[in-house]
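Here the structure comes first, spelled out in structure tokens, and everything after it is commentary.
The values are calculated or read from the model by the stated rules, or taken from the named source; none is laboratory data. Remember, it's a predicted structure, so these values are computed and weren't measured experimentally. All Cβ positions, even for glycine, are placed from backbone atoms using ideal geometry, and neighbour counts span all protein chains on display. Each accessible area value is taken on the protein alone, full model and side chains, heavy atoms only, with ligands, DNA and RNA left out. Shrake-Rupley method; radii C 1.70, N 1.55, O 1.52, S 1.80 Å.
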Amino acid sequence: MDHIPPGGTIGILGGGQLGRMTALAAANLGYKTVIFSDSENSPAAQVAARTIVASYHDTDALQDFMQAADVISYEFENIPIYSAEFIGKFGRLAPSASVLDISQDRFKEKSFFQNNDLATAGFALIESSSDVESACQQVGLPCVMKTTRLGYDGKGQRMVNSLDEAKVAYDDLGQGTVIVEQFIHFDTEISVIVARSRDGQSVNYPPVHNIHENHILKKTIAPADLDAAVHDQAVEMAIKLTERLDVCGLLAVEMFVTKDNGVLINEMAPRPHNSGHWTMDGCVTSQFEQFVRAICGLPLGSVDLVAPTEMENLLGDEINTWSDILKEKNAHFHHYGKTEARPGRKMGHVNRVKL
Ligand code: AMP
């Protein structure tokens, strides 16, 4: 596939804030965006040239989408793999359907880390209630039980301290396929975002420190204050993973730094990531522009810092503090255009640039 010059059209599966901010960055570079979403008036649709509203299973609508776009990507992972493969057959999906397939399933994802000698918390698969005891024994207690699919922001996840709790957690999570993971007494949570172009060139943003509240990302502090060895280890692991997956686009890699300065990969996302929002104002090239550059085959941009930056997510009603934020010096406010401020919902964010 040749590079796609400005003037081309980027197709994005998913209509959330990540698609919205990608469409805005794409427009700055002279691209049009067509969004494919299963809901009306999505955050991305408000700023895109065109939106196709249809089910992600609707192959006629997907065909129409493919005709409209020069390259297609996705801004969330829960797209039916059949649909991604359908688009992938025509060679215009980046990252590929196989990367999406691995990232949709925690067991596949963790197995991929393990098979590539990338350190991750010990884990075991549970496919029925008869596996619960042996899996817990294998990883040890306490452990964390997680659904293999569709979990996000702590949903589909239970802390387990005893075998009895494990049985209750397995019932609570619907008795399907889950994993149990060794509980990690981590020191900090960090992430590294790598951008990789079609010809295999890659750049990485510096590791950042992520602070969660109620399992939802609340703040990102960029760059993370890390020992040089931990920094280098995290970057090396993120780049290795990106290369082994042969990603074209972005890969966000979330990691735990343990109390003895070990680095373990927790999970990955082959798309722009909430922990990269600070780059919109704190870096020479934002993650969204970088994403567009990578999938369109353009040269990657500089990942140099403009200044250390703190990103704060505005959840639910916190979006109503916008007028105070606008009065702050060196604060950049980003609103996602969502009308209903449900508790915990990501409504916008603020980047405080420490100039
Ligand atoms: P996840 O959905 O895997 O990103 O998990 C959400 C959050 O739960 C993480 O950001 C951690 O704060 C916590 N967590 C997940 N897995 C573990 C683990 N194995 N040990 C300790 N904490 C965890």
Original post:
Suppose every K and R has +1 on its Cβ and every D and E has -1 on its Cβ; what is the size of the dipole of region 34-108 about the Cα centre, in Debye to the nearest 20?
Top reply: 220
Original post:
What angle, in degrees between 0 and 90 and rounded to the nearest 10, separates the Cα long axis of helix 59-68 from the longest principal axis of the Cα atoms of the chain?
Top reply: 40
Subject >> Over the chain, relative contact order from alpha-carbon pairs under 8 Å, at least 6 apart, % >> reply: 15
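With an 8 Å Cα cut-off and a minimum separation of 6 or more residues, compute the relative contact order for region 86-181 in percent.
Worked out over region 86-181, it gives 30 percent.
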Original post:
Can you give me the Cα centroid spacing of region 286-355 and region 96-134 in angstrom?
Top reply: 32
Subject >> Furthest towards positive pole of dipole, Ala94, Leu355, Pro206, structure part the chain, Cβ charges >> reply: Leu355
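How far, in nm, would the chain grow between Asn116 and Val53 when pulled straight, counting 0.36 nm per residue and subtracting the alpha carbon separation? Don't skip to the answer; put the middle values down first.
Details: separation 63, 0.36 × 63 = 22.68 nm, distance 3.87 nm.
18.8 nm is the gain from fully extending Asn116 to Val53.
Rank Ser96, Ser42 by accessible area, highest first, at a 1.4 Å probe radius?
Order by accessible area, largest first: Ser96, Ser42.
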Original post:
How far is helix 287-296 tilted off the main Cα axis of the chain, in degrees rounded to 10, range 0 to 90?
Top reply: 70
Original post:
If you place +1 on the Cβ of every Lys and Arg, -1 on the Cβ of every Asp and Glu, and leave all else neutral, what size is the dipole of region 52-198 about its Cα centre, to the nearest 20 Debye?
Top reply: 340
Original post:
With each pseudo-label sitting 7 Å past Cα toward Cβ, what's the Lys259-Arg244 distance in nm, one decimal?
Top reply: 2.8
**OP:** Treating each Cα of region 1-62 as an identical point scatterer and ignoring solvent, apply the Debye formula and state log10 I(q)/I(0) at q = 0.16, 0.26, 0.30 Å⁻¹.
**Re:** -0.47, -1.01, -1.18
Original post:
How high is the FRET efficiency from Asp60 to Glu40, r the C-beta distance, R0 22 Å, rounded to 0.05?
Top reply: 0.75
**OP:** When a/c is below 1.5 the answer is rounded, else prolate if a/b is larger than b/c, else oblate, so apply that to region 122-182 with a ≥ b ≥ c taken from the square roots of the Cα gyration tensor eigenvalues.
**Re:** rounded
Original post:
Per-residue HN-Hα couplings for region 102-118, Karplus 6.51 cos²θ - 1.76 cosθ + 1.60 at θ = phi - 60°, whole Hz, x for Gly and Pro?
Top reply: 5, 6, 6, 10, 4, 5, 4, 5, 5, 5, 4, 4, 4, 5, 10, 6, 9
Original post:
Once amide H atoms are placed 1.01 Å from N in the peptide plane, what residues at a sequence separation of 5 or more from Thr309, or on another chain, have their amide H within under 5 Å of its amide H?
Top reply: Ala222, Lys354
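Taking every pair of alpha-carbon atoms in the chain, give the share separated by more than 40 Å as a whole percent.
Values: 6682 of 62835 pairs.
The share of Cα pairs beyond 40 Å in the chain comes to 11 percent.
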**OP:** With runs of 4+ DSSP H residues as the only contributors, calculate the mean residue ellipticity of the chain at 222 nm using -39,500 (n - 2.57) per run, divided by the residue total and rounded to the nearest 500.
**Re:** -8500 deg cm²/dmol
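Using a 1.4 angstrom probe with every protein chain in place, what is the largest-first accessible-area order of His215, His349? Write down the numbers at each step before the final one.
Numbers: His215 110, His349 0 Å².
Per-residue accessible area, sorted high to low, gives His215, His349.
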**OP:** Per residue of region 132-144, in order, report the coupling 6.51 cos²θ - 1.76 cosθ + 1.60 (Karplus, θ = phi - 60°) as ³J(HN,Hα) in whole Hz, putting x for Gly and Pro.
**Re:** 4, 5, 5, 5, 5, 5, 4, 8, x, 10, x, 9, 10
**OP:** Please work out how much length the chain gains when fully extended from Phe76 to His215, using 0.36 nm per residue of separation minus the C-alpha to C-alpha distance, in nm with one decimal.
**Re:** 48.2 nm
Original post:
How far is it, in nm, from the label point at Leu125 to the one at Arg149 when both lie 7 Å from their Cα along the line to the Cβ?
Top reply: 1.4
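Taking only protein heavy atoms and a 1.4 Å probe, what accessible area per residue, in Å², does the chain have with all protein chains in place? Working shown, then result.
Details: 15160 Å² over 355 residues.
In whole numbers, the chain has 43 Å² accessible per residue.
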**OP:** Take the Cβ-Cβ distance between Met159 and Thr321 as r, set R0 to 25 Å, and report the resulting FRET efficiency rounded to the nearest 0.05.
**Re:** 0.20
Subject >> Tilt relative to the chain, helix 228-245 - C-alpha long axis, 0 to 90 degrees, to 10 >> reply: 70
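By the gyration tensor of its Cα atoms, with a ≥ b ≥ c the square roots of the eigenvalues, what is the shape of region 276-355: rounded for a/c under 1.5, prolate for a/b over b/c, or oblate?
Working: a/c = 3.16, a/b = 1.54, b/c = 2.06.
Note, shape of region 276-355 comes out oblate.
Counting other Cβ atoms within 10 Å, which GluC sites (Glu not before Pro) in region 299-355 have at most 15 and lie in a DSSP loop? Working shown, then result.
Details: sites: Glu310, Glu312, Glu318, Glu328, Glu340; in loops: Glu328, Glu340.
Counting only loop positions with at most 15 other Cβ atoms within 10 Å, the GluC sites (Glu not before Pro) in region 299-355 are Glu328, Glu340.
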Original post:
Which value in Å does the Kirkwood hydrodynamic radius of region 186-353 take, with 1/r averaged over all unlike C-alpha pairs and then inverted?
Top reply: 16.3
Original post:
For region 59-158, taking Cα atoms only, what is the radius of gyration to one decimal and the Dmax to the nearest whole Å?
Top reply: 17.1, 52
